[in-house]
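Below is one structure, written out as C-alpha cells; comments come after it.
The values are calculated or read from the model by the stated rules, or taken from the named source; none is laboratory data. What you see is a predicted model, and the numbers here were worked out from it, not measured in a lab. With ideal geometry, Cβ positions are generated from the backbone for all residues, glycine too; neighbour counts draw on all protein chains shown.
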Amino acid sequence: MKAGENAKKLEDLEMRAAGAVDRSAALELGARFVIAVLLGRVRLLGSLSPFGAAAVGAAPVGIRAGVTLLGAVLGTLTVWPLAGSVKYIAICALIWATLHFFARGLPKWFPMAVTFGITLVLGAVYVWDAGFALRDTAMWVVESFLAAGCVFFFDTAMRPCLKNGVRDISAGHTASVVILLGCLVMSLASASLFGVMSLGRTAAVTAILVVSYKSGLAPGCVTAAALGGAVDLAHPGAPFFLISYVLSALIAGIFARSGRLRFVLSWSCAAALSVLWCWSQVRWIPALYESFAGTVVFMLLPEKLLARVGALLPTDSAGFGFLKAREYAMDRVELCSRAFRELFEAGKAGLQTRPRENPAEIYDRASEGICRTCPGASRCWSQRYADTVEVMNGLTPILEARGSVAVSDLPAGFAGECQRVEGLVAALNAEARTFLTRRELSWRLRESRGAAADQYARVSRVLRDLALELGGDVKVETELETKLRRYLRGLAMDSSVAVFRVRGGRLRAEIRSGSMGLLTRDEAWLDKLSAVLGTRLCTSGVKDETRLTLLEAEPLAIRVGSASLRAPGEAVSGDRSLCFRTDEGVLYALLSDGMGTGEDALRMADATVRILERLLTAGVDPETALGMLTDLTLLRSDGELSGATVDLLAVHMFTGEGRLYKQGAAPSYLKRGGTVRRVNGSPIPAGTALRTPGAKLSLPAGSVLVMLSDGVTAGADDRWLRELIASRDGTDMTELAEAILAEAKSRCADRDDMTVLAVAAEERA
C-alpha cells in the first residue's frame, strides 16, 4: 500500500514539474514570437530590413525556429508592401530551411554564415535589377553583414532562456541585450500614442533611467548612446536623440546615488536643456512628452524589481576580477537557495494528503475481542446487523467529545439485550484512547514535518535575498576609494581601503593599516574623513588597532532607556530586553516576557531574544526571523520557547519609518507631538503557527515609543500611563522608564515581572 502511495506522490510531483516546464516553454515561445514580429518591422535607413532574418538565424532549430519564422514574416508584412516583402520572406524561409536541414552538428559560426550567404545571394537579384547603383550596392553589402552579425548578438542576448534562467552578467551579454533592445526600440519608435508620443522612445527613456540608476554613469551613457543612435537610425536626420539621451544620462548619472527624485529631476532638466540646444528640431515637443512619460514609468517601478534588474547589470565601478568573484558567489548562493526551495516543495508534497481517520476501527477491534465468543453474537451481528451498526455510529460524537462512553450512553434496548455490555464498553474506551492518541500523534508529527519544510522555504528566502544583494545591491565606489587612498597616502599611511554601498544605499568604508595612529592622532580625524568622502561618517563601534570601519551617519539619533523589576520572592526577572542596530541603518528594540517568573521564565525569554538577535543581525528580515522562531518552537520537544512573548520594533534611522511586531506582547504607546496613542498587537504568544504582520508606524524626530511587559498595566486602566508619557519632555528615557515602573509598582499589589523600554528619536546633532 505504501509503495502505491509513494508512486502516486512521485507521479504528482512529476506532473507538477512537467506543468511548470510547459508554462515556461510557452512563455519563451510567446516572447520569441513577439520579438520576431518587432524585429521584422524594423526598416533601417528607409530601405533595409535585416533584423527579421537575423532573428530566424539566431533561433534554435525546432519549434522555436518555426515560431520565430512566423513572427518575422508577420512583422515584415506589416511594414512592407507585398512586392517588397517577398524578398525578406524568402530570405527568412531559406535560412530556416537550411538550418533545419543541417540540424545536427552545427558549428557556432554556421548560422551566421548561412544568414550572410542567403541575404547576399537574394539581395544580389534586386541590386542587379537596379543596375548595381553605388548606393544600392553599398546598402546590399551592409544589410548582409548586419544580418549575419546580429545573429550572434541576438543569440547571445536570448541564451539565458535556454539555460533555465541561469544569469549572465558578462560585458558581452550585456552589450548583446542593449543591441537587441535598440532594435526593438527602432521597431516601436513608429508606434505613437495620440499621434504625438512614441512608445518606443518612451521605453528607451525608461530603460536608460533604469541602467543609469542601478549601474552608474558609464553603463548609463553607453546605453543612452546605443538607444539614442537606434532611434535616430529609425528616423534618419540630425542625431537629436543621441545627443539628448547621452547628455541626460551624463547629468543624471552624477545623481544616481542621491535618491530617485533627484535623479529624475536631473534627467528632466538635462532633457529640457537638450531641447533648447536643438531648438530648431521639429521633434522637440514629443521628446519632452516622452521624457516625462519615461520618468513617470521609472518612478512607478517597485524597488524590488529595480534590485532584480540591477542584479543582471554590470557596474562601472569594479574590476573584472571582482565582478567575476561576486558573480561566482552569487550563482552559488542562488543554487543553494533553489535547492532549499526544492526541498521545501518536496517536503510539502508529502503533507498534502490528510491521514486516514476511520472511527469504525474502534468498533471493529472492540467487537473482535468481546463479541467473537459471545453466545448472542449471531443475533447482534447477523440478524440485527443494521441496528448494531447504527448504535455504534451513534457513539462516535460522544467519543469525539469525551474520549469515552458509559453504559448509560447505549440505547436501553441494546444494553438490556447485550450479554457482555460492561466488557464491550470497557473495550470501546480502550480502543478509543488508542485511536485518539494515535490521531493526536499523527497530527503532531505532520505539524513538525510542516515546520521543518517551512524552515527550508525560509532559508531559501534568506539565501535568495543574499544573492540579490551580491548581484545588485552592493556598489563599489572606486572614485571615493581613490580619494580616500590619496588622503591616507598624504598622511604617510600604508593602507588598504574599500568604499562601497550596502543594501539600502548606505555608504561603508573600511581601512586596514598597521599605522592607524597616524590617522587617529588628529582629534578632528573623523570630520576630515567625512569631508574626503563627501558624507557625514560615524564609527561602527568595532574596535581594532589595525582595522577601522566607518558608516554613513544616520540623520536620526536614537536614545534608549530601560528599567526592570522582578516579581516579589524571585531572584531574577523573567523579562529580557535588548537594543541594537545593523549596518544597514536599522534599529531593533526587542522585549520578551517569559511565561511565569523566575529562572524558567528568564530562560525562555533569553532564548527568544538571543535567536532573534542573531537572525536580525545577519540581515534576515523580521517576518522571516519570527517565522523561523515559530518553526523552531514546533520542532522542539521541551517547549522552551513556547511561553515567551515577542515585542519587536524595527525602525530605519534614515527615514524614521518602521514596523512594530507583537506576538502575545502588551500594548505599546507612541507619543508624537502632545498625543499618545496605544499600539496593540496579537494576543498569540511566540511559537504558534498563527502570526500577524507588523504594524506600520513612523518615528520622526521628537517622537517617543514605550514598550512594556504585561506586568506593568496588568490589564487595568492605562489612562495614568498615557498621562505620564505625555507629561515628559522625552529627554531622558531611563528616567521615563523608571518613573513608569515606580507608578506601576504603587498601583499593583500582586505584581508580576515588570520591564519598560523607552525609545526616543531626535535629529543627530
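The table below gives the values:
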{"item": "Among (1) assigned to a loop (DSSP other than H, G, I, E, B); (2) buried (at least 17 other Cβ atoms within 10 Å of the Cβ) - the single one Y487 does not satisfy", "result": "(1)"}
{"item": "Residue list for region 271-301, restricted to those being modelled with pLDDT of 85 or more and either among the β-branched types (V, I, T) or more than 17 Å from G200 (Cα to Cα) (or both)", "result": "T295, V296, V297, M299, L300, L301"}
{"item": "Checking L635 against (1) at pLDDT 75 or above; (2) loosely packed, with under 15 Cβ neighbours inside 10 Å; (3) not β-branched (V, I, T), the condition it does not meet", "result": "(1)"}
{"item": "Test: residue in region 482-493 that is free of Cβ contacts under 8 Å to residues at least 24 places away in the same chain and either within 28 Å of A618 (Cβ to Cβ) or in contact with a strand residue (DSSP E or B) (Cβ under 6 Å, 6 or more places away or on another chain) (or both)", "result": "yes"}
{"item": "Extreme residue, nearest to G490 (Cα to Cα), among residues of region 514-544 that are within 38 Å of the chain's Cα centre (by Cα) and among the acidic types (D, E)", "result": "D527"}
{"item": "Residue that is surrounded by the fewest Cβ atoms within 10 Å (Cβ to Cβ), among those in region 565-590 that are more than 16 Å from L757 (Cα to Cα) and not aliphatic (A, V, I, L, M)", "result": "G569"}
{"item": "Residues of region 638-651 satisfying the condition of being at pLDDT below 90 and either more than 30 Å from G505 (Cβ to Cβ) or out of contact with any Ser or Thr (no Cβ under 9 Å at 6 or more places or on another chain) (or both)", "result": "D638, G639, E640, L641, S642, G643, A644, T645"}
{"item": "Region 252-267, subset over 25 Å from the mean Cα position of the chain (by Cα) and surrounded by fewer than 18 Cβ atoms within 10 Å (Cβ to Cβ), residue nearest to V205 (Cα to Cα)", "result": "L265"}
